[in-house]
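Step one of this worksheet: look at the structure below.
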């Protein structure tokens, strides 16, 4: 089993921050019309999406490599 990819961790962190911002907007604490808030949301979405893409590329690369131990290595 593979260990979690760092990109997955970045994506989860960005998702958590986005959730906090959305919760703040829903509760009236933050104003969605605020340009700085819009910029922050856009930046977090970009980080999340890039992290997910990085993770997927890394997993695809590992899949293409195949197993690192072959039966000949064991004998």
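Derivation of every value follows stated rules applied to the coordinates shown; laboratory data play no part. Computed from a predicted structure; not experimentally measured.
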Taking the chain as a Gaussian network, where each spring joins two C-alpha atoms under 10 Å apart, which residue of 23, 15, 54 fluctuates the most? 23
Which shape class, rounded, prolate or oblate, goes with the chain when its Cα gyration tensor gives a ≥ b ≥ c as root eigenvalues, a/c under 1.5 marks rounded, and past that a/b bigger than b/c marks prolate? prolate
Return a whole-number percent for the relative contact order of the chain, with Cα pairs under 8 Å and 6 or more residues apart as the contact set. 42
Just 14, 33, 46 to compare: in a GNM of the chain, with alpha carbon springs under 10 Å, which one fluctuates most? 33
Taking only DSSP H segments of four or more residues, each worth -39500 (n - 2.57), what value at 222 nm results for the chain once the sum is divided by all its residues, to the nearest 500 deg cm²/dmol? -25500 deg cm²/dmol
If the elastic network links every pair of Cα atoms under 10 Å, which of 40, 48, 64 fluctuates the most in the Gaussian network model of the chain? 64
